[in-house]
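Presented below is the structure to which this report refers.
The values are calculated or read from the model by the stated rules, or taken from the named source; none is laboratory data. Every value quoted in this text rests on a predicted model; they were computed, and no experiment measured them. Cβ coordinates were reconstructed from backbone atoms using ideal geometry, including for glycine residues, and neighbour counts include every protein chain displayed. Ligands, DNA and RNA are excluded from the accessible area calculation, which covers all protein heavy atoms including side chains. Shrake-Rupley method; radii C 1.70, N 1.55, O 1.52, S 1.80 Å.
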Amino acid sequence: MSALLNDVDAALKEADGPSVVFSSGAAAHAGGNTNADFVSEQQGAATEGEVPNAEGEEDEVLLDKSEDDDTDEDDEKGDDEPMRAAKEIGVHSRSVAPDVPQSIVMTDSSCLGGDIGEQQTVDSPARSPFASDEVRCAAWNLGPDAPSMELFEAGTQDYEFFVDSNSDTPSRTTPSRTSNAVEVATPSAGVPSAHTPPAEGVIIIESTEKEATSGFETHDKKNRFKRAAKANLTPPKMKKIKISQDTDEIYEKFICHGRKFKRQPKNYEVKEFVWIGRYFCSYKSFFESLKPRNYLDSEVMNVWVDKFNSESKIVAQKNPREKKKYAFTQFMVDKLIVDPAAFDLDSCMKELKLVNAKFKILKDDLLHFPIVKNSHWVVCYINIVLRQFHIFDSMRSSKDSSLLEQYEMNLFANFNTLVIASNLSTFNFNDFVLTSPDHPQQTTLFDCGFFSQLFMDNFDAKVMAHFDNNAIPDHRKAVAASLIDARDNGDVAVEAIMEEELIKKK
């Protein structure tokens with residue numbers, strides 16, 4: 001019998017203790033070998049290091065179940081108990097070898113990780129460095145051929161030795177798992193997660209947190225509410241127009257030269273003096289509009305409107321609190337002011353979709369519609385912030401007021417029809433109300449076009465900044481210089497075009 005004990009001790013020393021089964025996270029941390037490697041090492045030690053016993057009999061390998069032919073019926077029933085115990089404590093059945101001493105099962109919460117049921121084994125001493133007071137083990141006596149107490153008589157030294165060595169392990173019939181392990185469900189990236197029922201005592205915590213998202217329309221609506229916030233309704237003074245030396249030189253060079261125009265032949269092709277966006281003006285229109293005490297031409301207004309739209313878009317992108325503005329040119333306005341019965345929906349629809357694709361005008365705050373009739377200019381507004389219509393006329397007592405009012409009503413009705421047919425917005429302009437905030441009045445007969453430009457520059461959807469006729473001369477200079485500087489045909493020598501149309505100096 002002592003020889004048998006020596007064989008057991010030798011096998012334990014060669015294997016360096018039983019295998020320890022960790023969860024996937026702990027096994028990865030330990031970095032040990034698998035259970036299959038341990039079995040191969042045990043079998044190799046049994047075949048290479050044959051040690052005869054004291055009576056000269058053949059070696060008996062305690063780990064071989066096939067050699068235990070004398071076990072009774074109770075032992076045969078106990079062969080399936082390790083499998084059932086392994087399932088109860090969360091160990092996969094394939095990791096339990098029936099012909100080797102069963103591995104210590106680590107169930108400490110600090111060792112759990114990965115999917116439940118996915119176990120790995122490492123070769124380690126019986127007292128694992130990961131073990132703690134909370135660890136519960138299923139030890140040697142779970143094996144089908146573990147040393148039986150029936151081999152020794154009660155009260156003998158051998159009996160007491162084996163009883164003392166196994167006193168800290170649970171009974172083979174009452175395996176337990178008492179750790180309060182907590183598993184957080186975090187599926188690995190790129191690996192489809194299969195539903196595996198959790199083992200007993202494991203709590204699955206699934207994250208319900210969702211990423212908050214918000215689209216462009218949400219931010220745009222919030223910014224519009226900010227811009228519509230209550231403000232001071234006292235009209236401020238318009239900022240003074242600063243005229244630099246370069247601006248003065250440009251104005252003197254192209255406007256105040258004092259020369260006359262040539263008489264051109266009938267087939268003379270007009271040159272594009274200033275080209276911005278889709279519109280251009282000739283030098284004659286530029287000169288006649290911007291010289292002192294003269295009316296503003298539609299060509300120059302269209303070019304200025306295109307520049308105004310581009311600059312307003314840049315300003316609104318830099319500062320979300322700035323009002324988003326867009327002004328329509330005469331090409332579109334002339335089609336909107338007709339009688340609703342004669343309104344050409346298809347032609348205006350094409351133009352609306354073209355400008356909306358570039359400027360997103362139906363998400364703006366203010367839409368401007370400059371109207372001219374008999375050289376008199378007024379500006380109609382659609383105030384989307386306050387859901388109102390406005391009409392700014394710098395000379396209310398003009399003889400064309402009644403006709404302009406009819407144009408204005410036609411414009412609002414036709415634009416509402418156009419927007420509804422386009423499906424580009426959910427606005428119903430029938431709900432808007434017509435108001436006329438206070439705005440400056442001109443004291444001359446020829447500055448209405450420049451007043452209209454200043455209206456578009458200085459209205460913030462609530463109040464109009466105050467200005468008067470004294471600002472118009474500087475505004476004419478600023479318009480002339482800005483159109484020359486901002487033109488898209490910068491490679492064209494505008495001086496050559498001017499000299500071609502003017503009479504040479506004597």
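Tabulated data
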item	result
Flag if residue 420 is open to solvent by 10 Å² or more (accessible area, probe 1.4 Å), at pLDDT 90 or above and under 22 Å from residue 297 (Cα atoms)	no
Complete set of residues in region 363-385 that are out of contact with any Asp or Glu (no Cβ under 8 Å at 6 or more places or on another chain) and either acidic (Asp, Glu) or surrounded by fewer than 17 Cβ atoms within 10 Å (Cβ to Cβ) (or both)	364, 365, 375
Counted residues, region 320-336 - those being of a type outside the set (Phe, Trp, Tyr) and open to solvent by less than 20 Å² (accessible area, probe 1.4 Å)	6
Close pairs (8 angstrom Cβ cut-off, 6 or more residues apart or separate chains): closer than 14 Å to residue 416 by Cβ in region 331-344, of a type in the set (Lys, Arg) anywhere	343/335
Members of region 257-281 found to be at pLDDT 95 or above and outside any strand (DSSP E or B), listed by number	273
Residue 482, sole failed condition from (1) at pLDDT 90 or above; (2) open to solvent by less than 10 Å² (accessible area, probe 1.4 Å)	(2)
Qualifying positions in region 263-288 - within 20 Å of residue 329 (Cβ to Cβ) and among the basic types (Lys, Arg)	278, 284
Single residue of 506, 477, 462 found to be modelled with pLDDT of 95 or more and open to solvent by 20 Å² or more (accessible area, probe 1.4 Å)	477
Subset of region 262-277 (residues that are loosely packed, with under 13 Cβ neighbours inside 10 Å and either closer than 23 Å to residue 473 by Cβ or basic (Lys, Arg) (or both))	262, 263, 266
Qualifying residue in region 395-411 (condition: open to solvent by less than 30 Å² (accessible area, probe 1.4 Å), touching a Phe, Trp or Tyr at 6+ places or on another chain (Cβ under 7 Å), polar (S, T, N, Q) and under 27 Å from residue 235 (Cβ atoms))	no
Residue list for region 427-449, restricted to those being over 26 Å from residue 362 (Cα atoms) and either within 41 Å of the chain's Cα centre (by Cα) or surrounded by 20 or more Cβ atoms within 10 Å (Cβ to Cβ) (or both)	440, 447, 448
Some residue of region 298-305 being open to solvent by 50 Å² or more (accessible area, probe 1.4 Å) and either hydroxyl-bearing (Ser, Thr, Tyr) or more than 22 Å from residue 455 (Cβ to Cβ) (or both)	no
Yes/no for residue 492 being in contact with a Ser or Thr (Cβ under 8 Å, 6 or more places away or on another chain), open to solvent by 10 Å² or more (accessible area, probe 1.4 Å) and touching a residue at least 40 places away in the same chain (Cβ under 8 Å)	no
Where a residue in region 435-452 is assigned to a loop (DSSP other than H, G, I, E, B) and its partner, wherever it lies, is aromatic (Phe, Trp, Tyr), with Cβ under 6 Å and at least six apart	439/392; 440/467; 442/451; 446/295
